Amino acid sequence: MSLPENYLDYPARRYGMDHDRYDWSDMFARKPIAWPNGARIALSIVTHVQHFPLDMPAKPFKAPGALSMPYPDFRYFTNRDYGNRIGVFRILRLLTEKGLRTSFAVNGCIATRYPALLDAVVAEGHEVVAHSLDMGKVHHSGLSADDENGIIAETLRLLRGATGQPVEGWLSPGRAQGFNTPDLLARNGIRWNLDWANDDLPYRMQTAEGTLLAMPLAYETDDRVVANEYFQSEPEWVQQVKDRFDVLYRESAEYGGRVMSLPLHSWVSGMPYRVEYLREVLGYILDHDGVWTASVGQIAAAADSQV
Amino acid sequence: MGAEPMQSDLGLYDYLPWPGRPRITWPGGKKLAVWIAPNIEFYEYDPPNNPTRTPWGRPNPDVLQYSHRDYGNRAGWQRMMAAMDRAGFRGSVSLNVALCDHHPEIIRACADRGWEFFSHGIYNTRYVYNMTVDQEREIIRDAFDTVRKHTGQELAGWLSPALSNNLWTMDILAEAGIQYTCDMFHDDQPMPVKVKSGKLISMPYSLEMNDVIVYNSQKVTPRHYGEIIRRQFDQLYKESDESGMVMCIPLHPYLVGQPHRIDAFAEAIDYIAGHDGVWQATGREIAEAYHASGAYDAMTAAAARHAQGDR
C-alpha cells in the first residue's frame, strides 16, 4: 500500500477552523454572558426519550445504546422500552417534586407509538426537543439531502402536531450529523441544536439557511456514557457531576454565566436504584444561589442576543 | 512498495536492567525530573483516509468526536494552563504543527510562558503509516519549519502523530536533528536509541499517566486519576534517591480540561510541586542535562558491556 502524493496536501490549513460552520473563539476571552435575574448558572436538564427499533440497521454505524444481541434482540429492545413505560415517569415525578421545567429530547415516533408519554411531558410544562424519528435513523453524509430532509421534516411534523409547541431545538441520535445536517435543520425551522460537544456556552453556527445556535450538552458526564460506556458506579457519576458544577459555578464569578447541562436517559437514570442518585445531584445543584433551571429553548433565547 | 517481512524486535535499544546502571544526576541536585507534555492537537473535520487507520469511527464528519476534541482548543486549554501556572510547571507541548496556522493565539500563550514545543506531526488525523521515507522526511521538514516560523524554536523532540511509526522513523528523526523521541515506553530513565546517525534519546513519556489512556481507554474517574498521578510520583520520588528518574504527565486539554476533571489534576500537580527534590523541567532540558552529565555516554557504554556478557 502507498499513499497518494496529495496525502501531504492540507487544503484547510489556515487561520481558525477547517470548515465554515463556526468561528474559533476562546471561551475565557468572550464578553461575559448575563442570565436573567443575575443567575450564575443556567441548569439545562435534557432527558432522552428513545425508541430503538428491533430491526435497526448496523450501517454505517449504530447510535449508542443500540441493540447489540443477535436478532431478535428481546433483551435490549425491552430494556430500552422500559424507559418509555416506567423510567421516564419516575424522572418526571422527581422533576415535578422539585418544581423544575426542563427539556425532553424525544424521538418523533414516540408521538404515534406512545402519545400518553408525550402528553405527560407536555402537561408537566416541559419543552420537547426533536430527537429525529427513532434511534435507527442516524444522520450521516451517506444520506441524500432529500432523504435527510424527509426524516427531519417528518420528525418535526409529528412532534409539533402532537405537542402544540413550536419545537425549535434538535438533538441527533448519537449526536451524529452529516455535512448537510445544520443546513437542513435551519431550513426546517430549527433554531438551536445540541449535537456539538465543544463548548460550555452557546455559540453561533452558520448554515446555508441562516444561523443556528449550538447549545452545550455535556458528553462525558452523560448518565448513559458514565454507566454504559465507562462502567462507572452511580456514586462516581454523582461525584463527577458535582465536580463539574463546582468548577462552572466558580468560573461564573469571574467570567460570566455558564451552562451546566445534565443529559439523562429515561432507561438509565429512570431505573429504581438510580433515581435517588439523580435526586442527590439535583439537591446539590439547587442548594446554590444563582442557579436558573430552564428549558434549553429559554436558555437559547436568553443567549441569542449575546452571542 | 513490496511487502517487507515483519521483524520480531524493534532493534532500537539494547537490554539494560535497572540494577547496576550508571547513576543519573539532575541539575541543582534534584532527585526526580517531572515534565508535563500537553498534546495540543488539531483533528481534521474531513481528513483523507489512510488504508491502515481510518481517522474517525463514523463517516466524515464525525461531529461528536470532532467537537469533543475541539473543546480542548476553545475551553479546556485555558483551564489546563491555569492549573500548570499555579503549580509552576511549564509545558512541553506535543504539537500538531498545523495548529500554529489554525490557532496562533494558543501558540502565543504557550510561548509567552516559555513553554517548549515539540512535534506531534502535522495533524492528528494524518498518520505516517504507508508513507515513503521521503514523504515522512517531508513532514519532519514541515514541522521544523512551521515551529521555527511561529515560535523561533528549533525542534528537539518528537512524538509521532497518533503514535504511528515506521521502522525507519527513528533513523530519519535523528538524521534531521531531533534529540529525543517520546514514542517508546520501556523505561523510567532516558535511554540511548540505536540510530544510523546522530544521537537520539528515548525520553520517558507515559501511556499510563496519559489522560487519553486513562480516560478514553481505561475509563478511570477524575479523582482516581489524581490518585494515580500521586502514587506514581511518590514511588519514583523515593526511588530517585538512588539515581535520577523521569516522570512525565502527558495531557490532552479536551480531556483534562473538562470542568469535572480539572481540579483533581490541579491538586495532584500542586502536590508534586510541593516537593523540594522535584526538577520541574521540559523535555529539551532533560535531554540536555542527560548529555551534559555524561549519562548518555555512560548508558551507551553500560549497554554495550551488558551485551558483551560483562554482567
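Derivation of every value follows stated rules applied to the coordinates shown; laboratory data play no part. As the structure is a computational prediction, the values presented were derived from the model and not from experiment. Neighbour counts run over all protein chains shown; Cβ positions are idealised from the backbone, glycine included.
After finding the eigenvalues of the alpha carbon gyration tensor for segment B:47-177, what semi-axes result from the square roots of 5 times each, listed largest first in whole Å?
Details: eigenvalues 124, 89, 27 Å².
Square roots of five times the eigenvalues give 25, 21, 12 Å.
Out of every Cα-Cα pair that segment B:184-311 contains, those further apart than 20 angstrom amount to 52 percent. What separates the Cα centres of segment A:138-157 and segment A:23-48 is a distance of 30 Å. Simple spin-label estimate for B:Asp297 and B:Thr52 gives 3.7 nm between the two label positions (7 Å along the Cα-to-Cβ direction from each Cα).
The charge dipole of segment B:125-172, taken about its Cα centre with unit charges on the Cβ of Lys, Arg, Asp and Glu (plus for the first two, minus for the last two), comes to roughly 140 debye. Quarter the surface of the alpha carbon convex hull of segment A:3-114 and you get the mean projected area, 13.6 square nanometres.
At the listed q of 0.12, 0.16 Å⁻¹, the Debye profile of chain A, built from one uniform point per Cα, gives log10 I(q)/I(0) equal to -0.81, -1.41.
From Cα pairs below 8 angstrom and at least 6 apart in sequence, can you work out the relative contact order of segment A:25-132, rounded to a whole percent? Walk me through the intermediate numbers first.
Details: 101 pairs, mean separation 29.1, N = 108.
After rounding, I find 27 percent.
Among B:Phe118, B:Tyr45, B:Gly91, flag the residue with its Cα farthest along the positive direction of the charge dipole of segment B:3-125, charges on Cβ as +1 for Lys/Arg and -1 for Asp/Glu. Checking the options against the dipole of segment B:3-125, the answer is B:Gly91.
Could you rank the peptides B:117-126, A:8-17, B:266-275, B:171-180 by their average count of other C-beta atoms within 10 Å per residue, with the highest value first?
Values: B:117-126: 26.4, A:8-17: 14.0, B:266-275: 17.1, B:171-180: 20.3.
Top to bottom by mean Cβ count within 10 Å: B:117-126, B:171-180, B:266-275, A:8-17.
Along the axis of the charge dipole computed for segment A:38-110 (Cβ charges of +1 for Lys and Arg, -1 for Asp and Glu, origin at the Cα centre), the listed residues A:Pro57, A:Thr47, A:Thr102 are led at the positive end by A:Thr102. Applying 1/(1 + (r/R0)^6) with r as the Cβ-Cβ distance of B:Val133 and A:Glu229 and R0 = 51 angstrom yields a FRET efficiency of 0.80.
Pairs of Cα atoms nearer than 8 Å and 6+ residues apart set the relative contact order; for chain B it is 30 percent. Farthest toward the positive end of the dipole of the protein assembly as shown, out of B:Leu200, B:Ala301, A:Ala34, is the Cα of A:Ala34, where the dipole comes from beta carbon charges about the Cα centre.
In this structure, the amide hydrogen of A:Val129, modeled 1.01 Å from its nitrogen in the peptide plane, lies closer than 5 angstrom to those of A:Phe104, A:Ala105, A:Val106, counting only residues at least 5 positions away or on a different chain. So what does log10 I(q)/I(0) come out to for segment B:252-310 at q = 0.16, 0.23, 0.27 Å⁻¹, using the Debye formula with one equal point on every Cα and no solvent? After summing over all Cα pairs, the log10 values are -0.74, -0.94, -1.04.
Starting from the alpha-carbon convex hull of chain B, give the projected area averaged over all orientations, in nm². Before the final figure, lay out each step's value.
Working: hull surface 64.8 nm².
Mean projected area of the Cα convex hull: 16.2 nm².
Using a Gaussian network model of chain B in which every pair of alpha carbons under 10 angstrom is joined by a spring, one finds that among B:Val147, B:Val133, B:Val246 the greatest mean-square fluctuation is at B:Val133. Shielding value for B:125-132 is 3, the average number of Cβ atoms from other chains within 10 Å of each residue's Cβ. Restriction of the GluC sites (Glu not before Pro) in segment B:226-255 to DSSP coil positions whose beta-carbon has at most 15 other beta-carbons within 10 angstrom yields B:Glu242.
Shape summary: the protein assembly as shown maps onto an equivalent ellipsoid whose semi-axes, from the alpha-carbon gyration tensor, are 46, 27, 23 Å in decreasing order.
Let me spell out the model: positive unit charges on the Cβ of Lys and Arg, negative unit charges on the Cβ of Asp and Glu, origin at the Cα centre of chain B. What dipole size does that give, in debye rounded to 20?
Numbers: 30 positive and 39 negative charges, 72 e Å.
Around 340 debye, computed over chain B.
Rounded if a/c is under 1.5, else prolate if a/b beats b/c, else oblate: with a ≥ b ≥ c from the C-alpha gyration tensor eigenvalues square-rooted, which is segment A:94-238? Oblate shape, in that a/c is at least 1.5 and b/c is the bigger or equal ratio.
About the Cα centre of segment B:123-244, what is the dipole size in debye to 20, counting +1 per Lys and Arg Cβ and -1 per Asp and Glu Cβ, all else neutral?
Details: 13 positive and 18 negative charges, 53 e Å.
Dipole size: approximately 260 debye.
Dividing the alpha-carbon radius of gyration of segment B:1-73 by the rule-of-thumb value 2.2 N^0.38 Å gives 1.89. Relative to the compact-globule estimate of 2.2 N^0.38 Å, the Cα radius of gyration of segment A:159-307 comes out at 1.11.
Per-residue mean of other chain beta-carbon atoms within 10 angstrom of the beta-carbon, peptide A:172-178? If you can, show how the numbers build up before the last one.
Values: counts 2, 0, 3, 6, 7, 7, 5.
Counting other chains' Cβ atoms within 10 Å and averaging over A:172-178 gives 4.
When the Gaussian network model of chain A links Cα atoms closer than 10 Å, the mean-square fluctuations of A:Phe28, A:Phe179, A:Phe77 top out at A:Phe28.
How many nm separate the modelled label positions at B:Lys219 and A:Gln306, each set 7 Å beyond the Cα in the direction of the Cβ? Going by the 7 Å Cα→Cβ label model, 3.7 nm.
Compute the FRET efficiency between B:Glu227 and A:Tyr284 as 1/(1 + (r/R0)^6), taking r as their Cβ-Cβ distance and R0 = 22 Å, and round to the nearest 0.05. The partial results should precede the final answer.
Details: r = 23 Å, r/R0 = 1.02.
My answer for the efficiency is 0.45.
Shielding by partners for peptide B:55-65, expressed as the average number of C-beta atoms from other protein chains within 10 Å of each residue's C-beta, is 6.
Modelled label positions at A:Glu154 and B:Glu267, each set 7 Å beyond Cα in the direction of Cβ, lie 5.1 nm from each other.
Across all C-alpha atoms in segment B:164-246, the radius of gyration and Dmax reach 15.5, 44 Å.
Contact order, relative form, for segment A:75-127: 39 percent (alpha carbon pairs under 8 Å, 6 or more residues apart, mean separation divided by residue count).
Remark on A:Asn198: its backbone amide H falls under 5 Å from none of the residues 5 or more positions apart or on other chains, H modelled at 1.01 Å from N.
In this structure, the amide hydrogen of A:Phe179, modeled 1.01 Å from its nitrogen in the peptide plane, lies closer than 5 angstrom to those of A:Ser141, counting only residues at least 5 positions away or on a different chain. Report the calculated FRET efficiency for A:Ala116 and A:Ser68 (r = Cβ-Cβ distance, R0 = 35 Å), to the nearest 0.05. Efficiency for this residue pair is about 0.75.
Taking segment B:173-196 and a reference point 7 angstrom along Cα→Cβ of B:Asp9, the backbone N atoms nearer than 18 Å belong to B:184-187, B:191-196. Averaging 1/r across all pairs of distinct Cα atoms in segment A:184-262 and inverting the result yields a Kirkwood radius of 14.2 Å.
Could you tell me what percent of the DSSP beta bridges with both partners in chain A are antiparallel, to the nearest 5? Approximately 15 percent, going by the DSSP bridge assignments. For the pair segment B:44-123 / segment A:197-212, the C-alpha centres are spaced 21 Å from each other.
Packing, taken as the mean count of other beta carbons within 10 Å per residue, orders the peptides A:208-217, A:224-233 from highest to lowest as A:208-217, A:224-233. The value obtained for segment A:121-187, namely the Cα convex hull volume divided by the number of residues, is 82 Å³ per residue. DSSP beta bridges fully contained in the protein assembly as shown are about 15 percent antiparallel.
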